[in-house]
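Read the structure below first, then the notes.
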Amino acid sequence: MNKVMLIGHLGKDPDTFTFDDGTKKTSFPLATTETYKTREGEWKDTTEWHNVVGYRYLAEKNIFKGDLIYVEGKIKTRKYQDKETKADRYLTEIVAEKITILSKKEDRGYSSNTSNQS
């Protein structure tokens, strides 16, 4: 079984491309962070970056840099040839089957559960 579930923040606004047949593709980097305690008792964060792609209706999601999202999908590795060196290159991506927005970045006015109290 090839199944991936990630929760992380978008590293930049998604790039969206429309193919000749009208199919849309979106791609973006997703940062996931793991927190752990060292032997010395210090808390450390390690961040892993993932290349995420989505097709069709997923490319129409209203997501932006900084948003916290849940991605469910599968890992795919594809091969391509470097244009300059003609060397074979490999790229591992998460092909999204589901994207759920967990929270919007606060500075765009989408903050949830906030109120102005005088």
Highest-MSF residue in the chain out of Lys44, Lys25, Lys104 [GNM, Cα springs under 10 Å]: Lys44
Mind listing the phi-derived Karplus ³J(HN,Hα) values for the range 63-69, rounded to whole Hz, using 6.51, -1.76 and 1.60 with θ = phi - 60°, and x for any glycine or proline? 10, 9, 3, x, 5, 8, 9
Karplus (6.51, -1.76, 1.60) ³J(HN,Hα), θ = phi - 60°, over the range 32-44, in Hz, Gly and Pro reported as x: 10, 10, 10, 10, 9, 9, 7, 4, 7, x, 8, 8, 10
If amide hydrogens are placed 1.01 Å from N in the peptide plane, which non-local residues have theirs closer than 5 Å to the one on Ile63? none
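With a probe of 1.4 Å, find how much accessible area the chain has per residue, and write the answer as a whole number in Å².
Result: 75 Å² of accessible area for each residue.
Please list 78-84, 1-7 highest first by mean number of surrounding beta-carbon atoms within 10 Å per residue. Please list the in-between numbers first.
Working: 78-84: 8.4, 1-7: 10.7.
Result, highest mean Cβ count within 10 Å first: 1-7, 78-84.
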In whole percent, the fraction of accessible protein surface over the chain that belongs to carbon or sulfur atoms, probe radius 1.4 Å, stands at 46
Give Lys24/Lys61; Lys61/Lys104; Lys44/Lys104; Lys12/Lys86; Lys74/Lys104 a once-over and call out the pairs whose C-alpha atoms are over 18 Å from each other. Lys44/Lys104; Lys12/Lys86; Lys74/Lys104
With a ≥ b ≥ c taken as the square roots of the eigenvalues of the C-alpha gyration tensor of the range 1-107, please select rounded if a/c is under 1.5 and otherwise prolate if a/b is larger than b/c or oblate if it is not? oblate
What order, most packed first, do the peptides 9-22, 89-102 have when packing is the mean number of other Cβ atoms within 10 Å of each residue? 89-102, 9-22
Under Karplus coefficients 6.51, -1.76 and 1.60, residue-wise ³J(HN,Hα) of the range 3-9 in Hz, glycine/proline x: 9, 10, 10, 10, 10, x, 9
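The values are calculated or read from the model by the stated rules, or taken from the named source; none is laboratory data. Nothing here was measured: the structure is a model prediction, and the numbers come from that model. When we count neighbours, we look across all protein chains shown, and the Cβ atoms used for this are built from the backbone with ideal geometry, even at glycine. Just the protein is used for accessible areas: all its heavy atoms, side chains included, with ligands, DNA and RNA removed. Shrake-Rupley method; radii C 1.70, N 1.55, O 1.52, S 1.80 Å.
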